[in-house]
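See structure below.
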Amino acid sequence: MTAAPIHIAGERLMLDPDGVLWWPARKLLAVADLHLEKGSSLAARGALLPPYDSRATLDRLVPLIRRYRPERIVALGDSFHDRHGAARLAAAEADRLRAIAEGAELIWVLGNHDPAPPAGFPGAVATEWLEGPIAFRHEGGGATPEICGHHHPKAWVPTRGKAVSRPCFVADARRLMLPAFGAYTGGLDVRDQAIAGLFPRGARVFLQGRGRLYSFTLGQVRQAAEVGS
Amino acid sequence: MLAAARAGRSALLIAPTGAGKTLAGFLGSLADLAERPSAALHTLYISPLKALATDIARNLTAPIAGMGLPITVETRTGDTGAEARKRQRAKPPHILLTTPESLAVLLSAPDATAMFQGLAAVVVDEIHALAGTKRGDQLALCLARLATIAPAARRVGLSATVPHRAPLIAFLSAGGRADADDVSVIEAPGGADASVRMVLPEGPLPWSGHMGLLATPDIYRLVRDAGTSIVFVNTRAQAELVFQALWRLNDDGLAIALHHGSLAREQRERVEAAMAAGKLKAVVATSSLDLGIDWGNVDLVIQVGAPKGVSRLLQRIGRANHRWNEASRAVLVPANRFEVLECRAAVEGVAAHDLDGDAPPPGGLDVLAQHILGMACAGPFTADDLYAEVTRAAPYAALPRRDFDDVLRYVADGGYALSAYERHRKLFRDSEGRYHAASEAVMRRHRMNIGTIVEAPLLKVKLGRGFGGMQLGEIEEYFVSMLNPGDTFLFAGRVLRFDRLRETTVECSPAQGQDPKVPAYAGGRLPLTTYLADRVRAILERPESWDELPENVAEWLRLQKSRSRLPGRNDLLVETFPRGGKWFLVAYCFEGRNAHQTLGMLLTRRMERAGFGPLGFVATDYVVAVWSAHQPLRVAELFGEDMLGDDLEEWMAESSMLRRTFRTVAVIAGLIDRHVPGAEKNRRQVTINTDLVYDVLRKHEPDHVLLRATRADAARGLVDVGRIAGLLARAKGRVVHMALSRVSPLAVPVLLEIGRESVRAGEGEEALLAEAEEAALVAEAMGEAESPPAPQQRVHPVHRANFRRGARPSGSAVGNQGRSTLGTIRGRRQGELSLDE
């Protein structure tokens, strides 16, 4: 596993290939767009998807928390797919989430899918969380240096033979966008105006790979169709 | 036919095309209706093609009117308007012509019983093309339901000549079994033998390539000298290229048209109409014209590229000269040396009337899931009754009750071990044990999603912007992901410039260009059949038969014999040799490209573990070649049967082919709906990437019924594990390893494919990304940070027309299509390969 260091507002941050941010100086772990209980949310609309997405998401998150032992965990919004998601969480998963909150200070940044804090779970709630010179927001576009999620960035890279697509981090000197972490979260092309527009002077993208990240400039990745949500 | 009809017996009519079998299928019905007029729906006709149903309607209406019979004939397809549908329900015609999908929709309605209870006959046209497919599974289930509603209705199947007739008899039998003796088989005398010959391009024969563009001048002459011809090719990309190449030679201004499955429907209909009216000289077509309306005026069929199977070739040849007592004329145009062998084998197969094709597999559980929900929409049922009915459908005759119950549970609530969706069930059970559809919404949504044809994500291609543009057809999303604005590509017979992507529409403008890319479609190429492969091996094994081959080819085989050896009919020849600092392993398996792709993945895994340092592989229809850093040793062990154990399981976790298969299964089974009422604008809210679902399901419920259905499909089709299993069993103890000091003559064609074959998604992606990152880094250092990646990074394997000379592997051997641009086809001759390089 090789995390990639970047600097935002002079702070050294580590991008983990599994899709989370580690800020060593502050012992802070940030994760975006967990979309817990997306499966059950879609089931209500008629698609009986496998109900294991929350479990799968936590299965990936818990080892990362064990590895970094953060003192503070910032969930960057859309932590639940809808406002009733927290209530639907199965007992086992709810217990795991509480265990996480016991080991570290949990900050729920609110997102558009979860405009209210998850009922019954510990942690602080914020629409924007300030940590030193950096603001943690669900949706990027603020005036100060920031770390955001929301858009589920994904990049298509032309390679020999075909374009390979992966979820990715997008960063310039003052803004970092995290990939969506949830098991059922698709992605939006980084070249889409919604994302590229936030990085008018270009950006670097870091595609999630097996145990490492692959880095390109925004200009080197390719425009493709939207997939999933 | 008439006798069987009068006796009320079901019948299978086997006749070559052009013997008038479709009308024969209606004989009993017409006689019956003339004698005993009735008000009810009397005969249901089901065809795999909408166009065929429409055409038959026309052909029936005229004689009925001519005889003054009071018989009404109507079609019911996806194109039928709402008003006509309503009228058909209230007052059905005597004869209704439809497709399997429209029949499934009709049967999912609560009034299906009223509509069909007077039914006397069901006619299934082109039944050989339906049996063994998912559409066939769906139709068989619908036939079983029709038999429950109208037990007296007899069935008539119309089929071309087939290698396995038992499955078709079972399809028509009331109990779904071939041995029930309730189906009369009527066989029309075979027509005149087809006259098939091979035409080779001038000059030395190409070593590789599949497009056959070098033979364009010969094809053009054949077209010019014939009356009307169909030029069949194997892929849509090839159709575009051949069409373009023919028009470059078309100094006589011959009316040559293009027809393939991705063109807009109006476009295809225009071509079909022009063909029917005798206005065309030729049409370049893919399998989109394998079936269809008889065009009496076609007098020559040209097959460009390998035929891949004898049955398929015969079907295509049958499109020429629909007078059954005259010989159909066909010309085969092989694109390379191996294809010469394959064409030769096919000509022998046709002469021997020896058909190929696999027996139909058991019915898909995904199709069953769709059917069960459809039946619940029609009315409540008990599990026992429906199970009994389903097992009367031939593909499901041996369906275990456990599978049925699992599928039923899946339909009801998702079928997960974790019962999470009690509140969102699609079916509920009443106190008497009957299953009901949960709501109107569930039913409405289901009816919008009936059907078993699932396309890859497609984007519309439009000429011009905004609302005024003309729609040309559809291409795969993945191809568009390879385009930059300004790039040109070949589609619908035109060179187009890619302007931009807007939602799901690719906006284009007309362009000029020498090097357009050519869209490829996954899964478009049929693999070589086992049977034809066996015939090719038989030719290789008999040097005395080589005299009949072109001298280039015979010479090539003789050289192979002296330098290495020839693959035997019952062994597995594996050659290893060093070349250019790498080691190559070439296995002559002859199991078709799909199986070889899978085999290549599995072999590289094993070679990795054995420490040989595999670097890549390439698969053709005949061989698979792996190259590695170190010399492969103990080669026979690599082909052990245990290859299909853990290695396969591990590979299935990440294989994009499996993901694609799962997507199809998930869509057919209704896990993901393609159409959601009122949600067209808001698709992102309701669709979900099936890859993500596959990963989660595989990890948390590996035995779920949808994964079982996916694995069953993987035994065939794109993954074709079944053929690998057969190969490994056959090769046990018979692997012949030739350790050579240099490349063998027979290995040359596959080596030329290296770097030209597409790399499939999910396979070696990490290595590809690392490579691209390195190239990007270099580009940045050279000051090109924001420019598009270097050209060698952009070569799409299918854009062979694009391939730069400089990027080729060394050597003077040149295949046909790929390495030449369209602009240089004419007049170019390829060099001979020196084996001593």
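Here are the criteria: (1) in contact with a strand residue (DSSP E or B) (Cβ under 7 Å, 6 or more places away or on another chain); (2) more than 14 Å from every other protein chain (Cβ to nearest Cβ); (3) under 30 Å from B:I672 (Cα atoms). Tell me which single one A:T57 does not satisfy.
(2)
Please determine, by comparing only the residues of the stretch B:482-502 that are within 13 Å of chain A (Cβ to nearest Cβ) and in a loop (DSSP other than H, G, I, E, B), which one is nearest to A:A155 (Cα to Cα).
Taking the stretch B:482-502 and keeping what is within 13 Å of chain A (Cβ to nearest Cβ), we get B:482-487, B:498-502.
Adding the requirement that they be in a loop (DSSP other than H, G, I, E, B) leaves B:482-487.
Values: B:M482: 13, B:L483: 14, B:N484: 15, B:P485: 17, B:G486: 20, B:D487: 20 Å.
So, considering only residues that are within 13 Å of chain A (Cβ to nearest Cβ) and in a loop (DSSP other than H, G, I, E, B), the one nearest to A:A155 (Cα to Cα) is B:M482.
One line per residue, one yes/no per condition, for (1) among the polar types (S, T, N, Q); (2) under 21 Å from B:S29 (Cα atoms); (3) at pLDDT below 90:
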position: B:G68; (1), (2), (3): no, yes, yes
position: B:T75; (1), (2), (3): yes, yes, no
position: B:A104; (1), (2), (3): no, no, no
position: B:A109; (1), (2), (3): no, no, no
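Is one or more of the residues making up the stretch A:34-47 among the polar types (S, T, N, Q), within 14 Å of another protein chain (Cβ to nearest Cβ), closer than 24 Å to A:E139 by Cβ and surrounded by fewer than 24 Cβ atoms within 10 Å (Cβ to Cβ)? Don't jump to the end; show me each part of the working.
So in the stretch A:34-47, the residues among the polar types (S, T, N, Q) come out as A:40-41.
Right, trim to within 14 Å of another protein chain (Cβ to nearest Cβ) and you get A:40-41.
Subsequent filtering for residues that are closer than 24 Å to A:E139 by Cβ retains A:41.
Subsequent filtering for residues that are surrounded by fewer than 24 Cβ atoms within 10 Å (Cβ to Cβ) retains A:41.
Taking every residue of the stretch A:34-47 in turn, at least one turns out to be among the polar types (S, T, N, Q), within 14 Å of another protein chain (Cβ to nearest Cβ), closer than 24 Å to A:E139 by Cβ and surrounded by fewer than 24 Cβ atoms within 10 Å (Cβ to Cβ).
Residues that are among the basic types (K, R) and on the phi < 0 side of the Ramachandran plot: which strands (runs of 3 or more DSSP E) entirely in the stretch B:114-211 hold 2 or more of them? Outline the logic, then answer.
Details: elements: B:121-124, B:154-159, B:183-187, B:195-198.
Ranges flagged: B:154-159.
State all residues of the stretch B:432-450 that are of a type in the set (A, V, I, L, M, F, W, C), assigned to a loop (DSSP other than H, G, I, E, B) and more than 11 Å from chain A (Cβ to nearest Cβ); if no residue qualifies, say none. If you could, list the steps in order and put the result at the bottom.
Within the stretch B:432-450, the subset of a type in the set (A, V, I, L, M, F, W, C) is B:437-438, B:441-443, B:448, B:450.
Now narrow it down to the ones that are assigned to a loop (DSSP other than H, G, I, E, B): B:438, B:450.
The answer is B:I450, and nothing else.
Whether any residue in the stretch A:108-119 is surrounded by fewer than 21 Cβ atoms within 10 Å (Cβ to Cβ), outside any loop (DSSP other than H, G, I, E, B) and of a type in the set (A, V, I, L, M, F, W, C) is what I want to check.
Scanning the stretch A:108-119, I find no residue that is surrounded by fewer than 21 Cβ atoms within 10 Å (Cβ to Cβ), outside any loop (DSSP other than H, G, I, E, B) and of a type in the set (A, V, I, L, M, F, W, C), so the answer is no.
What number of residues in the stretch A:62-94 are surrounded by fewer than 21 Cβ atoms within 10 Å (Cβ to Cβ) and in a loop (DSSP other than H, G, I, E, B)?
Total satisfying the criteria: 6.
Kindly establish whether B:R542 is crowded, with 17+ Cβ neighbours inside 10 Å and closer than 30 Å to B:R723 by Cβ.
On the way: crowded, with 17+ Cβ neighbours inside 10 Å: no; closer than 30 Å to B:R723 by Cβ: yes.
Here the answer is no, as B:R542 does not meet what is asked.
Buried (at least 22 other Cβ atoms within 10 Å of the Cβ) and either of a type in the set (K, R) or under 28 Å from the mean Cα position of the chain (by Cα) (or both): does that describe B:L496?
yes
Take the stretch B:459-481 and flag every residue that is in contact (Cβ under 8 Å) with a residue 60 or more places away in the chain, within 14 Å of chain A (Cβ to nearest Cβ) and either within 17 Å of B:P510 (Cβ to Cβ) or surrounded by fewer than 17 Cβ atoms within 10 Å (Cβ to Cβ) (or both).
B:I475
Here are B:A114, B:A160: which of them is in contact with a His (Cβ under 8 Å, 6 or more places away or on another chain), farther than 21 Å from B:T391 by Cβ and surrounded by fewer than 21 Cβ atoms within 10 Å (Cβ to Cβ)? Show your work before the answer.
Values: B:A114 fails: in contact with a His (Cβ under 8 Å, 6 or more places away or on another chain).
On inspection, the qualifying residue turns out to be B:A160.
Give the residues of the stretch B:556-594 that are part of a helix (DSSP H, G or I) and either under 24 Å from B:Q631 (Cβ atoms) or in contact with a helix residue (DSSP H, G or I) (Cβ under 9 Å, 6 or more places away or on another chain) (or both), sorted by residue number. Walk me through it before giving the result.
The initial filter retains those residues of the stretch B:556-594 that are part of a helix (DSSP H, G or I), namely B:556-563, B:593-594.
Of everything in the stretch B:556-594, those that are part of a helix (DSSP H, G or I) and either under 24 Å from B:Q631 (Cβ atoms) or in contact with a helix residue (DSSP H, G or I) (Cβ under 9 Å, 6 or more places away or on another chain) (or both) turn out to be B:W556, B:L557, B:R558, B:L559, B:Q560, B:K561, B:S562, B:R563, B:N594.
Tell me which of these B:P485 doesn't satisfy, since it passes every other one: (1) more than 25 Å from A:S41 (Cβ to Cβ); (2) surrounded by fewer than 14 Cβ atoms within 10 Å (Cβ to Cβ); (3) modelled with pLDDT of 90 or more.
Result: B:P485 fails condition (3) only.
Filter the stretch A:5-21 down to residues that are within 12 Å of the chain's Cα centre (by Cα) and assigned to a strand (DSSP E or B) and give me whichever is nearest to the other protein chains (Cβ to nearest Cβ).
A:L15
From (1) within 14 Å of chain B (Cβ to nearest Cβ); (2) surrounded by fewer than 23 Cβ atoms within 10 Å (Cβ to Cβ), pick out the condition that doesn't hold for A:A183.
Answer for A:A183: the failing condition is (2).
Among (1) out of contact with any helix residue (DSSP H, G or I) (no Cβ under 7 Å at 6 or more places or on another chain); (2) more than 24 Å from B:Q471 (Cα to Cα); (3) modelled with pLDDT of 90 or more, where does B:K279 come up short?
(2)
The values are calculated or read from the model by the stated rules, or taken from the named source; none is laboratory data. Computed from a predicted structure; not experimentally measured. Note that each Cβ is placed from the backbone with ideal geometry, even for glycine, and that neighbours are counted across all protein chains shown.
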